[in-house]
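Before any comments, here is the structure.
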Amino acid sequence: MSSAYGDRDVREIRDAPDLAEREALLASRGLSAPGGEGLVLGLYEGDALRATGSLVGDVIQGLATAREDEGGGSAAVLVTALLKAAAARGLGRVAVFTKPREAPVFEDLGFRRLAIAERPASGLGAALLEWGSPGIGDWKTDLARRVEGRPRPSGVVVVNCNPFTRGHLALLEWAAKLSAWIHVLVVEEDRSLFPFPVRLDLVRKGTAHIRNLEVHPGGPYVISSATFPTYFTRPRPGSSDDSVSELHAALDLEIFRTHVAPVLGAAERFVGTEPYCPTTSTYNRLMKEILPAPRADSAPVAVREMPRVEQGGEAVSASRVRDLIRSGRLEEARPLVPDTTWEWLRSPGAEPVLERIRTRDTRH
Amino acid sequence: MKAMKEAMAGSLESSDVLVTISPREGAGVEYTIESIVIKQYGRRIRSVTEEVAAAAGLSGAAVRVQDRGALECTLRARLETALERAAAGP
């Protein structure tokens, strides 16, 4: 794709030397080239690369302008080209992940700010914005319609349930005893071994007996990879991947606090302690820091943490169930899951999923 | 005409305007007007947009106009182009 703007020209960057030049431009602005890119565009003046940006799925990443071009409208040209590329792919909505101080540049271009997270300890910060529709406003309107008339204040539990275990069940039963109404949001991103429709269905079946509890698809604004691209501000020397996942977690929790919780009328969020996974344990730690903090822009959400249920001296977890399946010991998983999940695991529909778990070595 | 697909015309550069047309369920047309000079020209931009869309018989669409200080003739041209693109088959 190529289009001319006066003596400037937007072109797709493909060849290795051009990509190296682009990497140098990103590096000069303290950014690294994001991985797994779809479309990389460059704004050229003659042969000189003045600005670059890329589109990965529906996320704009790796946007940088040569220092001397700042304020010269290069960003507007490039963002326009990226938006048009997205539209040509049928995408009405795109997101951008950028540094907090760049957020006003995008807001000026008509992007909506979803959240800003800054982690003083690591020096990292990120802003998440979106452009177009359907956007977060549409999503919130739909969700509000869905939960109209439910008791407030409510409690919320966000779960992946890959698959639904007795641990999840205990957490939800506990939450339902403490709160007038529980909204369960099931992570919709389909990156888990158990497909989303199966996970959702097993949570619904396994909680059918709880009268004051309702299960919803999590949608694109609750722990989704579309809102968590691998594009970050430059970490301070010495900071590691941990500070990056901390930034991810902080953004998700900011969105939860300022957008999701108010729609659901949530005063509390319930969570199980995380004994194994470091990412989840970081997430839980930040949850206790970000959600209950008194702030002017949004109401606090209390966090209530329940110790994991144990069985045979080990915490009941979905990853343990997957491990047992992987090693061909499905029968041993029986005490770890509710009957509803067990019935599904023994059904013909489960066979392809079980086969995938046996043959694939992924964390999720 | 019914909007068949996402279509854009124009740009976010200064003195230009970016027009985005997206298909929507039903027959209605929903307008969103943004401008750096919304106070002085917001109403004019809206009336020109509605007039051009109505002349084309647009239905079942969301029209977003992001004005960066464009002249009226530029706005009209961008609207016409976006409408043509939205109507065209893939």
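Where a number appears in this text, it was derived from the coordinates with a stated rule and is not lab data. Keep in mind it's a predicted model, so treat the numbers as computed, not measured. Note that we place each Cβ from the backbone using ideal geometry, even for glycine, and neighbour counts take in every protein chain shown.
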Using the alpha-carbon atoms, what tilt in degrees (0 to 90, nearest 10) does helix A:16-28 show relative to the longest principal axis of chain A?
80 degrees
Cross-link list A:K99/B:K2; A:K140/A:K288; A:K140/B:K2; A:K84/A:K288: which exceed 30 angstrom alpha carbon to alpha carbon?
A:K99/B:K2; A:K84/A:K288
Cα-Cα pairs in chain B separated by more than 22 Å, as a whole percent of all pairs, come to 18 percent
If you plug each phi of region A:202-216 into the Karplus form 6.51 cos²θ - 1.76 cosθ + 1.60 with θ = phi - 60°, what whole-Hz ³J(HN,Hα) values come out, in order, with x for Gly and Pro?
5, 5, 4, 5, x, 10, 4, 7, 8, 6, 9, 9, 9, 10, 10
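If N is the number of residues in chain A, what value comes out of its Cα radius of gyration divided by 2.2 N^0.38 Å? Show your work: numbers first, answer last.
Details: Rg = 22.6 Å, N = 364, 2.2 N^0.38 = 20.7 Å.
Rounded to two decimals, the normalised Rg is 1.09.
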Charge dipole magnitude, Cβ of K and R +1, D and E -1 - region A:1-91, Cα centre, debye nearest 20
280 debye
